[in-house]
Amino acid sequence: MGVVDKVNLPQPVKFVLNWGRKYSLWVMNFGLACCAIELIAASTSRHDFIRLGVIPVAHGPRQADLLVVAGTLTDKMAPALKRVWEQMPEPKYCISFGSCSNCGGPFWDSYSVTKGVDQIVPVDVYVPGCPPRPEALLEGIIRLQTMIADESLKERFERQHREAIIVGGPVGPVDLSNR
Amino acid sequence: MAGREGAGVAVTDPTMLPGAPGEGIAIDVAEPGRFATEEMILNIGPQHPSTHGVLRMVLTLDGELIRDAEPVIGYMHRGFEKMAEVRDYRQIIALVNRHDWLSAFGNELGLVLGVEALMEVEVPERAQWIRTMLAEWNRVLNHLMFMGSYGLELGAMTPIFLAFREREEIQGLLEAATGGRMHFTYNRIGGLKEDLPRGFMKESARLVKVVRHRLADYEGLLLGNEIFKKRTVGIGKLPGSVALEYGCTGPILQAAGIAEDSRKTEPYLKYSDVSFEVPVGENGDSFDRFWVLYRRIQESLKIIEQVHDKLPSGPIIPGKMPKNIKPPEGWIYSRAENSLGETGYYIVSRGGKEPWRVKMRTPSFSNVSMIPYLLRGVLVPDLISVLGSVFFVVGDVDR
Amino acid sequence: MIDHVKEATGAVEREEVTPQGQIALHVTPANWHVVAEHLRRCPRCNFGMFNWLSAVDMEDQGFEVIVHLYSASSLQAVNIKTMVPRDGGSVRTLTDLWRGASFHERECWEMFDIGFDGHPHLVKLLLAEPFVGHPLRKEFLLMTREAKEWPGAKEPE
């Protein structure tokens, strides 16, 4: 992408570029299953993520910069997801919406489900729930935008370890003794 | 234009063509069949904004005419039937409301009705009436979604916003009772999870009036719309006998002219105590399928009002239900008229707390198998209007 | 109705009526198509609706293949059942009687490995291309459950 991802930009330039990027995230709807309905509900009048700048009319992956994977990813569908992700130009972000795309969800023991979209694409925000409320998606988008506001693209591309945002906070040690 | 209808005639009317006056371009209009065209295979891939989810169509095209269409399904196959064999009956209720995700209550209903019949459990009256009411609310939810999304596929942006406006209110109502916006898990073997909250009946009565009043918007925007009619009337005709052969049920079968509705032919719950009509279409084309949806919403609202009047008080689950559900050995096929068609469960039990086999008969699987028949001879622009009118949910197709 | 079918085809081995009133006609695999054809073509039976076809793994006895038919005119439903051996079992296809049988038979084949002779297009329907195995057979175990036991497996009192 030229010089933007190779040097540490001065703060005012970084501020303006990040501001432009975070408020115009065009989303590629990768709605697969039930979570897709909550994704559409999040874009309609009551919850409305369009007011945050996230417009769901990317005509194809090449015009999008945010991918929202909503729903169960099966092994048959995984190559298509990989191809769509690779078609998106940098800088791009990914939100994993719903329990199935986070970790396989209620189908954890199925023979044909990919247990977690992060095996295929690098995820920036995890939104847990089955299905998550549209408000949870709005929170995920806002936290993503806060992250974009502070980031430097050089660091993003050079970083080895990805620190994902989990809406609702990370899950601590879980007591599985069934009370 | 002069000479257009003949074959191989030069058009030389100078007032209509570029060039100096008196000169014209000689156009040779070929007779049909004179040029050989090759067939092209077009793949409408699994990720496409106009298919309802991940359905892939492989079309063999001759120009713009579809010679053959093959739906490639399985992109949402999660293995429900295998997973049901290792879960006990209480867990399966939570599992099955995820295959037709737009009408989750109806999915659970088919399953619990089957297990209750196997175990010969007497479900209390109040639970049956509440189940009837919630099943009909769920049907309204499902049909509103399809009315909105069909409009969106044909290019109308407004109906989907209106549909979701109604859906949000109804989902709020169902969330007050069941705790979930989409996957309710409200049924239990023998009855329901808990009783309705206070204020539910009042809110439900108010919503019936609101939805009925707003349904007139859809009539004006879509049913009476000339563009909509031009795009859907006469497109995708499906005769009744062919629909039966393929196993189609639900609104598609009713639009094809056959009044087959499990609520009338084999009444379950309290459908024999309420009066409603089954709308039957005349032509079996896309417009009729859409019209049947619209009428079904009206009939469902009628049923909900009747349930409001007749709801008795009482318990909602029999007192002595065991915690471990172990139906006796045997098999049963239980079906419910879900919003998209007949959702049935063939349950084989060997006396354990997990079933031996659960076969899920889903309506969309049979409806999608009919797509090649419908699409032969259809032009590509009509593909969207035909595909959108065959109402299916991909989770239902693939399970 | 059952007696009429038994008389007309002579191919029904045994009939079964459950306490809930559901009917199943047990036939041998060779007579599978014969009985189905009668139910389809006979104007008195007129089972024009093909509802579903599937199989149940009966372990040592083999696979029980079931087809459920419905008649929209007489509002009756009937199941036809047959038992095929575990390895190499097959029945004749029903796609010439009902076109809708095609998808169901493909799915039954890929899940259980039961052959359907005469099926025009017996390829994988739901599973991914590289998938190996036939999932709904009892010997196909869900590996995630084998690798890690489900933590909530405690029984309520």
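Since every read-out is calculated from the coordinates, none of them should be taken as a lab result. From a predicted model like this one, the values you see are computed outputs, not experimental measurements. Please note: Cβ atoms are built from the backbone with ideal geometry, for glycine as well, and neighbour counts cover all protein chains shown.
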Cys residues of the protein assembly as shown counted as unpaired, since no other Cys beta-carbon is under 4.7 Å:
A:C34, A:C35, A:C94, A:C100, A:C103, A:C130, B:C248, C:C108
Do the alpha carbons of any pairs in B:K270/B:K320; B:K264/B:K359; B:K237/B:K359; B:K202/B:K270; B:K237/B:K302; B:K82/B:K359 sit beyond 19 Å of each other, and which pairs?
B:K270/B:K320; B:K264/B:K359; B:K237/B:K359; B:K202/B:K270; B:K237/B:K302
Applying 1/(1 + (r/R0)^6) with R0 = 41 Å to the Cβ-Cβ distance of C:V34 and B:E64, what FRET efficiency is obtained, to the nearest 0.05?
0.35
Contact order normalised by length for chain B, with contacts defined as Cα pairs under 8 Å and 6 or more residues apart; what percent is it?
23 percent
Nearby lysines by direct alpha-carbon distance to A:K6 (threshold 27 angstrom, same-chain neighbours under 8 apart not counted)
A:K14, A:K22, A:K82, A:K92, A:K154
In degrees, nearest ten, helix C:101-112 long axis to first principal axis of chain C (Cα)
40 degrees
Report the FRET efficiency, 1/(1 + (r/R0)^6), for A:E158 and A:I55, where r is their Cβ-Cβ distance and R0 is 41 Å, rounded to 0.05.
0.85
Checked against the positive end of the charge dipole of chain B (+1 on Cβ of Lys and Arg, -1 on Cβ of Asp and Glu, about the Cα centre), the farthest of B:V278, B:Y268, B:L215 is B:Y268
With viscosity set to 0.692 mPa s and temperature to 37 °C, compute the Stokes-Einstein D of chain A, Rh being the Kirkwood radius across alpha carbon pairs; µm²/s, no decimals.
194 µm²/s
For the charge dipole of chain A, defined by +1 on Lys and Arg C-beta atoms and -1 on Asp and Glu C-beta atoms about the Cα centroid, which residue among A:P132, A:L153, A:S112 has the Cα displaced farthest towards the positive pole?
A:L153
Size of electric dipole in the protein assembly as shown: Cβ of Lys, Arg +1 and of Asp, Glu -1, about Cα centre, debye, nearest 20:
1600 debye
What helix-only [θ] at 222 nm does chain B give? Using -39500 (n - 2.57) per DSSP H run of at least 4, over all residues, to the nearest 500, the answer is -13500 deg cm²/dmol
Beyond 16 Å, what percent of the Cα pairs of the range B:305-365 remain?
65 percent
Student exercise, chain A dipole from Lys, Arg, Asp, Glu Cβ charges, in Debye to nearest 20
280 debye
Which FRET efficiency value, to the nearest 0.05, do you get for A:V174 and A:D48 by plugging their Cβ-Cβ distance into 1/(1 + (r/R0)^6) with R0 = 45 Å?
0.85
Whether the range B:80-398 is rounded, prolate or oblate, judged on the alpha carbon gyration tensor where a/c under 1.5 counts as rounded
oblate
Size of electric dipole in the range C:2-128: Cβ of Lys, Arg +1 and of Asp, Glu -1, about Cα centre, debye, nearest 20
540 debye
To the nearest 10 degrees, how steep is helix B:158-178 against the longest Cα principal axis of chain B, on a 0 to 90 scale?
10 degrees
Okay, which of the range A:66-99 sit inside 13 Å, backbone N to the point 7 Å along the Cα-Cβ direction of A:K6?
none
Output for the range A:111-179: GluC sites (Glu not before Pro) sitting in coil per DSSP, at most 12 other Cβ within 10 Å, listed by number, reads A:E163
